[in-house]
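The values are calculated or read from the model by the stated rules, or taken from the named source; none is laboratory data. Since we're looking at a predicted model, the values are computed, not measured. Positions of Cβ are generated from backbone atoms using ideal geometry, with glycine treated the same way; all protein chains shown enter the neighbour counts. Ligands, DNA and RNA are excluded from the accessible area calculation, which covers all protein heavy atoms including side chains. Shrake-Rupley method; radii C 1.70, N 1.55, O 1.52, S 1.80 Å.
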Amino acid sequence: MPEEILLMDKITKVYPNGFVANKDVTFSINKGEIHALMGENGAGKSTLMKILFGIEPFEEGRIVLKGKEVRFNGPLDAIANGVGMVHQHFMLVPSLTVAENVVLGMEPKKGGMFDFEEAVRITEEACNKYNLKVDARAKVEDLPVGNKQKVEIVKALVRGAEILILDEPTAVLTPQETAELFVELKHLKEQGHTIVFISHKLHEIKALCDRITILRLGKSVGKANVADVTEQDISRMMVGRDVVLKVDKTPAKPEETVLKVRDLKIIADTGKPIVNDISFSVRKGEILGMAGVEGNGQSQISEAITGLLGYQHGTISVNGVDLKGKSIRQIRELGVSHVSEDRNTYGAALVASVKDNILSDRYYKKEYNSGIMMNDKVINEMTDNLIKEFLIKCDDRDDQVKMLSGGNVQKVVVAREFSNKPALVIANQPTRGIDVGATEFIRKRLVELRDEGTAVLLISADLNELLELSDSLIVMNEGRIAAYLEDASVITDMILGEYMLGVRTQTPEEIARVAYD
Amino acid sequence: MEFLSSLFELIFTPAFAASVLRITTPILFAALGGIMARRCGILNLALEGTMLTAALFAVIGSALTKRAVLGGVSAALADPALVSKANFAGIIAGFIVGTVAGILMALFLAYMAVGLKADAYLAGLAINTMTTGGTVFILYMVAGDKGISSSLDSGSMPFIDLPIIKDIPILGEIFSGQNIMTYFSWICVAIVYFILFKTATGLRIRAVGETPSAAESVGVNVKKVQYIAMALSGLFCGFGGVSLSMSYVQFFSRGMTAGKGFIGMSAMNLGNASPVGTAVAAFLFGFFDAMANVMQSMSIPVQFVQAIPYVATLVGLVVFAIQSDNKVKKLKAKQAK
């Protein structure tokens, strides 16, 4: 009979803004197992782990560790009780050596001085015991990512971690490093450690984990022995559709190609390719949806097209004009509009007024200026019309945008981006985190734009939105296009989920169809 | 040609080399103070004001202590034994009071930046402005003069003849007979190195300055470490202040730091906050400062010479930035193939 080491019983967490991140979540792990925690973005995995690690308080429920009820007041408390965590963003000091990072906060001393040799000894002892090969004297900044992760694991183990939480550890690793990590984790398991493994990648969970708990929309929707379930089962539990918002739309009548992306490659500062040789096209009068688990290159693609991010290889052209070397204004002048996923950085200037936000992409144009002065009359009229047309709820055009609700801020962004007769709209998470009314409004406007002959690239984490709005779909997986689905109306969320998670892939020939060459 | 040979005549003299060492002393102390602040992640723009405050309080502490020991008797009339006792007490008190003033000033900045989370840049600027006027105000209160503290009888740190070295020609002239604060500044370079790289506190300071979240996640008290580092920053600025007003001159005059705190900060930046690199940079700045002094006798504008080290800093920073940018570009280009 396996011994239960940790039980999180009926945990409920409500954030101050009323968002229920976890609702009656029960999460139980046994000693000496590798337990997978799965779920989509926003499913509540991170919140649950933050609660366990003492970073976030919780409203209801209890945590039982080794038969005793506990409540941690912070990470240090958790560490003292044998719970360690390897964060997605490493908590390491780059210019220090591996040994110094490992002992930081509990430095060995000799005669009042820091005993570096003892630190090296402690580190090497742990490395040998747990079979984690890393040079204790090397500087962390010189290490490859995989080794940095090992340092994090050693850090947790040296501090006495029995339960080790790994938050998407393979997201930053190469396949070789991932394979190495799995060998090491299995070794740790044999030595009696318990591991919580958070991941999106089904094949990894199949290869590594004993049991699995799946969260969806803040609730635990399934628990199983990994051996007893297929990848399809898991994907079905993870990706479920909820309320369907219907959008009325007629079939698309796509015309000539507007956006043409060919062999695009984008490399991160770490040297890892984030977007790997992809080609696709968006035609006049169609909405091409881009699906994918977040972090598979979608953001970089939208930033590259709109001029915010450079790219190393390939071409992007709009109506036959190559965008390479063009400024953001030049790209906009070609009729490219951008609804950024980061509303507060690129979408709107929060301390500026509604009027100024709308004016920000057109202030220099002749029609809004008379001589060296701005033409207030024309500007005010234009602004008031847009406020009316886009149903922006504000008292006055001079209201600061930060006073508005999220949905209304997004409406200001959309009013600007949709009202300049765009040839191409890049809509990245256009309805994330906003109310139902505004969501419906923005979706309707997107379809209207399409009918007026605009090419739309819709990037969204909301499968519902993608399936409702898109005419065709491409699915991103690990920086590549995993599938091109020509007719979005016959696709189910199930199939989409399998492509997103890499259970299914299409042949290169099938994918190449999206280039329309 | 004629110009260069006359310049070389002025520079290649033991007296010039000795003046470089003398001029470098406060710059080096300020730079060491800058290292401690930078290493714990706080921008200490107040090195200048801190040093100025320390210089003033060193003089006041020294003079008042001397007066107290003498008990109101004029030094000229007092018993010689009592006078030497008073001198000694004055030196010690001046050193301590000046240093403590420096520490308190740096802790004040730390309190604003760490405790109250104010912008360290603005707080540092405010301290500099405040001390520019504040020191004159206090000087007037104590000495009754708004320019110089000559009415206060303050002490001087001893000048030291180095045994053996003093008898070596040229070297003796350069290195021997300097003020004790000059030799002490060299020792402090080693002390800073030792603190940063050989003690657990130093390890924590470096970790906190570079990645506070990492340090915090393993239980390091980030604020406490920053207060400690800032106190050390103030300590070295305090030494710098003492070296200004109690060694080569024995008085305080308004604005006597004359930008040496900022020069020290530049030296720290040029040396990338490493003790040895910073010391080398400090001597470089000291050299140009000394050169500016001798060039006053020539027909070159002093300001031109004084600008050289700063231009060198700018060029160095630009080259450094371009290099690291190229590195990333190369890496990306390699991957793209």
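At-a-glance table
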| quantity | calculated |
| --- | --- |
| Selected residue (only one of A:98, A:103, A:158, A:134 is away from chain B (no Cβ under 14 Å) and either open to solvent by 10 Å² or more (accessible area, probe 1.4 Å) or over 27 Å from the mean Cα position of the chain (by Cα) (or both)) | A:134 |
| Residue in region A:199-206 that is touching a His at 6+ places or on another chain (Cβ under 6 Å), β-branched (Val, Ile, Thr), buried (at least 18 other Cβ atoms within 10 Å of the Cβ) and within 28 Å of residue A:479 (Cα to Cα) present | no |
| Residue match in region A:113-128 (condition: open to solvent by 40 Å² or more (accessible area, probe 1.4 Å) and at positive phi) | no |
| Unique residue being crowded, with 19+ Cβ neighbours inside 10 Å and more than 14 Å from every other protein chain (Cβ to nearest Cβ) when the list is A:165, A:195 | A:195 |
| Odd one out for residue A:76, checked against (1) more than 10 Å from chain B (Cβ to nearest Cβ); (2) of a type in the set (A, V, I, L, M, F, W, C); (3) within 24 Å of residue A:163 (Cβ to Cβ) | (1) |
| Whichever residue in region A:106-129 is within 8 Å of chain B (Cβ to nearest Cβ) and among the aliphatic types (A, V, I, L, M) and, among such residues, is nearest to residue A:167 (Cα to Cα) | A:106 |
| Single condition residue A:416 does not satisfy, out of (1) charged (D, E, K, R); (2) open to solvent by 30 Å² or more (accessible area, probe 1.4 Å); (3) touching a Leu at 6+ places or on another chain (Cβ under 9 Å) | (2) |
| Answer from A:58, A:53 - the residue that is within 25 Å of the chain's Cα centre (by Cα) and away from chain B (no Cβ under 11 Å) | A:58 |
| Within region A:58-78, tally of residues that are within 29 Å of residue A:106 (Cα to Cα) and open to solvent by 50 Å² or more (accessible area, probe 1.4 Å) | 8 |
| Selection within region A:1-34 - under 22 Å from the mean Cα position of the chain (by Cα) and surrounded by 22 or more Cβ atoms within 10 Å (Cβ to Cβ) | A:13, A:21, A:22 |
| Odd one out for residue B:140 among (1) open to solvent by less than 60 Å² (accessible area, probe 1.4 Å); (2) over 26 Å from residue B:276 (Cα atoms); (3) assigned to a helix (DSSP H, G or I) | (1) |
| Wholly within region B:200-292, helices (runs of 4 or more DSSP H) carrying at least 3 residues that are open to solvent by 10 Å² or more (accessible area, probe 1.4 Å) and within 14 Å of chain A (Cβ to nearest Cβ) | B:200-210, B:212-217, B:222-245 |
| Test for residue A:265: is it part of a strand (DSSP E or B), of a type in the set (Lys, Arg) and in contact with a His (Cβ under 9 Å, 6 or more places away or on another chain) | yes |
| Members of region A:377-413 found to be under 26 Å from the mean Cα position of the chain (by Cα), surrounded by 15 or more Cβ atoms within 10 Å (Cβ to Cβ) and polar (S, T, N, Q), listed by number | A:408, A:410 |
| Candidate set from region A:423-437 (those that are more than 23 Å from the chain's Cα centre (by Cα) and surrounded by fewer than 22 Cβ atoms within 10 Å (Cβ to Cβ)); member that is modelled with the highest pLDDT | A:423 |
| Number of the condition not met by residue A:378 [criteria: (1) touching a helix residue (DSSP H, G or I) at 6+ places or on another chain (Cβ under 9 Å); (2) within 21 Å of residue A:441 (Cβ to Cβ)] | (2) |
| Extreme residue, nearest to the other protein chains (Cβ to nearest Cβ), among residues of region B:185-199 that are closer than 19 Å to residue B:281 by Cβ and open to solvent by 10 Å² or more (accessible area, probe 1.4 Å) | B:197 |
| Residue check, residue A:141 at pLDDT 95 or above, assigned by TED's automatic domain parsing to the domain that holds residue A:155 and surrounded by fewer than 16 Cβ atoms within 10 Å (Cβ to Cβ) | no |
| Count of residues meeting criterion [under 30 Å from residue B:149 (Cα atoms), of a type in the set (Gly, Ala, Ser) and modelled with pLDDT of 95 or more] in region B:206-250 | 8 |
| Per-region count, region A:481-496, residues touching an Asp or Glu at 6+ places or on another chain (Cβ under 9 Å) and open to solvent by less than 40 Å² (accessible area, probe 1.4 Å) | 3 |
| Single match in A:189, A:223 (criterion: in a strand (DSSP E or B) and more than 18 Å from residue A:293 (Cβ to Cβ)) | A:223 |
| Options A:66, A:45: the member that is away from every other protein chain (no Cβ under 14 Å) and modelled with pLDDT of 90 or more | A:66 |
| Helices (runs of 4 or more DSSP H) within region A:284-366 that include 1 or more residues open to solvent by less than 20 Å² (accessible area, probe 1.4 Å), over 30 Å from residue A:238 (Cβ atoms) and touching a helix residue (DSSP H, G or I) at 6+ places or on another chain (Cβ under 6 Å) | A:354-359 |
| Among (1) under 22 Å from residue B:187 (Cα atoms); (2) over 16 Å from the mean Cα position of the chain (by Cα) - the single one residue B:81 does not satisfy | (1) |
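Conditions tested, residue by residue: (1) under 21 Å from residue A:485 (Cβ atoms); (2) touching a residue at least 60 places away in the same chain (Cβ under 8 Å).
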position: A:229; (1), (2): no, no
position: A:274; (1), (2): no, yes
position: A:291; (1), (2): yes, yes
position: A:294; (1), (2): yes, yes
